[in-house]
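The values are calculated or read from the model by the stated rules, or taken from the named source; none is laboratory data. What you see is a predicted model; the values in this text were computed from it and never measured. Reconstructed Cβ throughout: ideal geometry from the backbone, glycine too, with neighbour counts over all protein chains shown.
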Amino acid sequence: VRHESLEEFAVGRTDKPPAYDVTITNAPFCTRTGGVARLHKPEMRSADQYFIDTSLDQTREGGIVAMVVHSGVMGHKNTSAQEFRERMLARAEVVDSYRLPGEAFAHAHTSVVSDVIILRKRPAVVEKTLLKAQRDGELESVMGAFTAYDKELVSGSYFDKNPQRILGKALTAD
């Protein structure tokens with residue numbers, strides 16, 4: 001169990017192999033404005049993206065990453081979010097995901113819809129091949145060849161297509 005900044009921890013381990021079989025954490029629900037994370041992985045556009053990607057860096061092949069993230073990780077439909085979900089899919093199998101109700105963290109005086117994602121890190125050779133396919137714009141065809149490309153996940157429609165993964169009751173304004 002580590003109780004320190006992920007950014008500082010990760011930068012201190014950049015030259016070391018992944019150390020953990022399981023990583024359980026929650027990403028901060030904020031925008032990323034700088035600091036160590038901006039220097040470590042400037043291509044990551046949000047704290048969620050940084051935490052997911054860096055947690056995968058620190059987890060061994062076949063290991064599990066379980067994380068509470070802002071609902072935008074699985075739901076934003078913009079190009080940047082879709083590209084990140086493709087990267088996440090190239091690096092890890094999405095084992096499961098659940099959308100939590102807005103009041104799940106009411107005890108912490110917040111009402112934000114969040115998701116729990118569970119990932120299994122791919123073997124390094126597979127990850128490297130799939131990341132190259134993503135860079136070359138071929139991830140969908142490469143993963144599609146063995147039915148591993150998840151269009152709903154990448155597009156941001158995962159929970160639209162999997163309503164059984166939404167916990168709690170849907171309320172209307174009526």
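Across segment 101-114, not a single residue is classified as at pLDDT 95 or above, within 20 Å of Ser155 (Cα to Cα) and not charged (D, E, K, R). From the residues in segment 133-174 that are modelled with pLDDT under 90, over 17 Å from Arg122 (Cα atoms) and surrounded by fewer than 11 Cβ atoms within 10 Å (Cβ to Cβ), which one is farthest from the chain's Cα centre (by Cα)? Only one residue fits best here, namely Asp174. If you scan segment 119-162, which residues turn out to be aromatic (Phe, Trp, Tyr), part of a loop (DSSP other than H, G, I, E, B) and closer than 17 Å to Ala81 by Cβ? Correct list: Tyr149 only.
For every residue, the table says whether it meets (1) β-branched (Val, Ile, Thr); (2) at pLDDT below 90; (3) more than 9 Å from the chain's Cα centre (by Cα).
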{"site": "Arg38", "(1), (2), (3)": "no, yes, yes"}
{"site": "Lys41", "(1), (2), (3)": "no, yes, yes"}
{"site": "Met44", "(1), (2), (3)": "no, yes, yes"}
{"site": "Phe51", "(1), (2), (3)": "no, yes, no"}
{"site": "Val69", "(1), (2), (3)": "yes, no, no"}
{"site": "Gly75", "(1), (2), (3)": "no, no, yes"}
{"site": "Ala81", "(1), (2), (3)": "no, no, yes"}
